[in-house]
Amino acid sequence: MIKRRLRLKKILLLLDDVDDKEQLKFLAEEPGWFGPGSRIIITSRDKQVLTRNGVDRIYEAEKLNDDDALTLFSQKAFKNDQPAEDFVELSKQVVGYANGLPLALEVIGSFMHGRSILEWRSAINRIYDILDREIIDVLRISFDGLHELEKKIFLDIACFLKGFKKDRIIRILDSCGFHAHIGTQVLIEKSLISVSRDRVWMHNLLQIMGKEIVRCEDPKEPGKRSRLWTYKDVFLALMDNTGKEKIEAIFLDMPGIKEAQWNMKAFSKMSRLRLLKIDNVQLSEGPEDLSNELRFIEWHSYPSKSLPSGLQVDELVELHMANSSLEQLWCGCKSAVNLKIINLSNSLYLTKTPDLTGIPNLESLILEGCTSLSEVHPSLAHHKKLQYVNLVNCKSIRILPNNLEMESLNVFTLDGCSKLEKFPDIVGNMNELMVLRLDETGITKLSSSIHHLIGLGLLSMNSCKNLESIPSSIGCLKSLKKLDLSGCSELKYIPEKLGEVESLDEFDASGTSIRQLPASIFILKNLKVLSLDGCKRIVVLPSLSGLCSLEVLGLRACNLREGALPEDIGCLSSLKSLDLSQNNFVSLPKSINQLFELEMLVLEDCTMLESLPEVPSKVQTVYLNGCISLKTIPDPIKLSSSKSSEFICLNCWKL
């Protein structure tokens, strides 16, 4: 009938709050039903309703900005575009609470109209606890239309997971059987959640509505609700050992440390508990038992020496127990086929890592700061799925499992393992390893087997005071971009083969005992940063002309004498920063003025320097503090293109 009567008429058709594709099918299935020039405007809470019916122009309404929100609120509360003078700050509080939602601004504004300041303050305090019923009724329409699993996802996000990364939410809730990949997409399409920078967010009012839905499951007895997130409700729920079967999740994140005496036996009654987070609660003992349904545990300062012996961890996906009193995670080998992350960082009493044989899908192992850890289980060496291993400051580790073959490993950090004297041999495919950090370890040499690390981009051995040599096989690391050997005071030799690593763009050998660098280093066409600060045994530098990409050159405190700097230093066409401080030359090569990209020149405490040649016009700052023999410098005013050139000359007595 609509098609027959209106197909020749130019009309404007507005269809509001469409939530079923059948509604469009009967009212406006296709544009041809109406005359030329007709316009059809459809509003919907569900983007899929529009896309499934071929709507090609979709506009997603944005939240009001603060100025427009204040205007709308004022129109309702004061019948004016601006709030009354005494109510400005209170009005801004309401606008912040409403977070750009017009419905909330209108409802609250109408409620506040004509009330006193005292009534305003009382009402605002109430707003933050309980949403106005009119707002809840409108917002709940979208929630009530969700599938049961989508409702569970919504409530978990509202109560706990807002701000988490989307992939992480999907991983955790998928393990709960919620089919979270499609579920989160439905929530996005219905504008119940949003994703920004890969994190999931929700409007404050929707979050409050979600928490109110959970609270109303049993307003008087928190132990009969599905989710708990306040200390008071958790405390009340743990008071006795009965009626805990409905609790599915506890997320307690206290702003400061709180001492508590809980009835820990109550945890054994929470048979459906799947998510558990307890942070900043100081307890004298841990639970005797925990639910085998747990998918996520984050318990900072866990008080027991190990997890409950009877706990089955088959379903567990993430385990975070930083700052715990654990001595071992559990006894023997447990099956945890779904476990992806173990974080026991700063567990000061932990002495050994768990057997990883029964955890085949583990991706991250974080044991940073476990200062008593001395035993690393051999299963680590051959784990196939581990991508990230962090053993930073595990100061009791003396040896690691030998013959590494970890085909998925991306990052291995051992900084601060001061008793570790040997890095294991590599016997198999470790092509995925991109970052290897061995700073401040006791390692004396690297095995030649590092040639297997063909994907390595960063090798850092800063302050390895016992390091004596680097193997020639380092020349096989064709992906290496940064090599940091700074502070390796016993290192006297750099292999010639390093010059074959054409990908290298940053090399730091500051504070080593090398007498000279191999000539091959000085033809690395991609090298951008070269730091040799404090290499006091270098007598003379070779030609630098091959370093066509070099941007930063550090030669501070190298004991360089007159003539040690090559005349062709002016060939460094890309150089932006040059540090020659604390050296003993009398003059600089005249070719310095050919460094046309140079912006900063540092010559502090060059006590024998007598003169400074003309500097390039791009130079912004020249540091000359402590050059006590310096007699002449160029006139900064004559630098043609740099009006902001600055010469800093403190304690240059002869100028």
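Within the range 374-387, the set of residues being closer than 22 Å to V337 by Cα and in a loop (DSSP other than H, G, I, E, B) comprises V376, H377, H383, K384, K385, L386, Q387. Counting only residues that are surrounded by fewer than 18 Cβ atoms within 10 Å (Cβ to Cβ) and closer than 22 Å to E119 by Cβ, how many does the range 57-71 have? Result for the range 57-71: 0. Taking (1) more than 42 Å from the chain's Cα centre (by Cα); (2) of a type in the set (A, V, I, L, M, F, W, C); (3) surrounded by fewer than 22 Cβ atoms within 10 Å (Cβ to Cβ) in turn, L544 satisfies each apart from (1). Among the residues of the range 237-249, is any modelled with pLDDT of 90 or more and assigned to a helix (DSSP H, G or I)? Yes, there is a match, as at least one residue in the range 237-249 is modelled with pLDDT of 90 or more and assigned to a helix (DSSP H, G or I). Among the residues making up the range 172-181, those that are under 12 Å from L275 (Cβ atoms) and part of a loop (DSSP other than H, G, I, E, B) are S175, C176, F178. One residue stands out among those in the range 262-316 that are of a type in the set (A, V, I, L, M, F, W, C), over 19 Å from A237 (Cα atoms) and part of a loop (DSSP other than H, G, I, E, B): the one that is farthest from the chain's Cα centre (by Cα), which is L311. Evaluated against (1) among the polar types (S, T, N, Q); (2) touching a residue at least 60 places away in the same chain (Cβ under 8 Å); (3) surrounded by 22 or more Cβ atoms within 10 Å (Cβ to Cβ), T184 falls short on exactly one condition, (2). When you look at L504, is it at pLDDT 95 or above, more than 21 Å from N583 (Cα to Cα), in contact with a helix residue (DSSP H, G or I) (Cβ under 9 Å, 6 or more places away or on another chain) and not in a loop (DSSP other than H, G, I, E, B), yes or no? In short, no. For N402, are the conditions met, namely being over 24 Å from C176 (Cα atoms) and surrounded by fewer than 17 Cβ atoms within 10 Å (Cβ to Cβ)? Answer is yes for this residue. Taking the range 68-155 as the region of interest, the helices (runs of 4 or more DSSP H) fully inside it that hold 2 or more residues being hydroxyl-bearing (S, T, Y) are 88-98. Just one residue in the set L101, L105 is under 19 Å from G210 (Cβ atoms) and either surrounded by 21 or more Cβ atoms within 10 Å (Cβ to Cβ) or within 32 Å of the chain's Cα centre (by Cα) (or both); that residue is L101. When we screen L276, L283, L252 for residues that are surrounded by 14 or more Cβ atoms within 10 Å (Cβ to Cβ), farther than 29 Å from F178 by Cα and not assigned by TED's automatic domain parsing to the domain that holds A158, the only hit is L283.
I need a count of the residues in the range 388-407 that are within 22 Å of the chain's Cα centre (by Cα) and assigned to a loop (DSSP other than H, G, I, E, B).
3
Of everything listed in (1) loosely packed, with under 15 Cβ neighbours inside 10 Å; (2) modelled with pLDDT of 95 or more, the single unmet condition for S347 is (1). Could you say whether any residue in the range 427-440 is at pLDDT below 95, part of a strand (DSSP E or B) and over 23 Å from the mean Cα position of the chain (by Cα)? Within the range 427-440, none of the residues are at pLDDT below 95, part of a strand (DSSP E or B) and over 23 Å from the mean Cα position of the chain (by Cα).
Among the residues of the range 449-482, those identified as outside any loop (DSSP other than H, G, I, E, B), farther than 22 Å from K419 by Cα and either among the β-branched types (V, I, T) or under 30 Å from the mean Cα position of the chain (by Cα) (or both) are H452, L458, I474, K482.
Exactly one residue out of G534, G546 is assigned to a loop (DSSP other than H, G, I, E, B), in contact with a Gly (Cβ under 6 Å, 6 or more places away or on another chain) and farther than 27 Å from M406 by Cβ, and it is G534. Here D174 does not fit the description of being touching a residue at least 40 places away in the same chain (Cβ under 8 Å), over 26 Å from E62 (Cβ atoms) and either crowded, with 16+ Cβ neighbours inside 10 Å or of a type in the set (S, T, N, Q) (or both). Annotation: of all residues in the range 156-171 being free of Cβ contacts under 8 Å to residues at least 40 places away in the same chain and in a loop (DSSP other than H, G, I, E, B), the one that is surrounded by the most Cβ atoms within 10 Å (Cβ to Cβ) is F164. Cβ-Cβ contacts under 6 Å between residues 6 or more apart (or on different chains), taken from a first residue in the range 327-345 that is within 17 Å of S364 (Cα to Cα) to a second residue that is assigned to a strand (DSSP E or B), are listed as I341/E318; I341/S364; I342/L319; I342/L365; N343/H320; N343/I366; S345/I366. Listed by first and then second residue, the pairs with beta-carbon distance under 9 Å, at least 6 apart or on different chains, first residue in the range 242-265 and over 18 Å from H300 (Cβ atoms), second of a type in the set (D, E) and part of a loop (DSSP other than H, G, I, E, B), are G243/E221; K246/E217; K246/D218; E248/E293; N263/D240; K265/E288; K265/D289. Residues that are modelled with pLDDT of 95 or more and either in a loop (DSSP other than H, G, I, E, B) or basic (K, R) (or both) within the range 408-422 comprise S408, L409, N410, L414, D415, G416, C417, S418, K419, L420, listed in sequence order.
The values are calculated or read from the model by the stated rules, or taken from the named source; none is laboratory data. Just so you know, these numbers come straight off a predicted model, no measurement behind them. Heads up, the Cβs are rebuilt from the backbone with ideal geometry, glycines too, and the neighbour counts pull from every protein chain shown.
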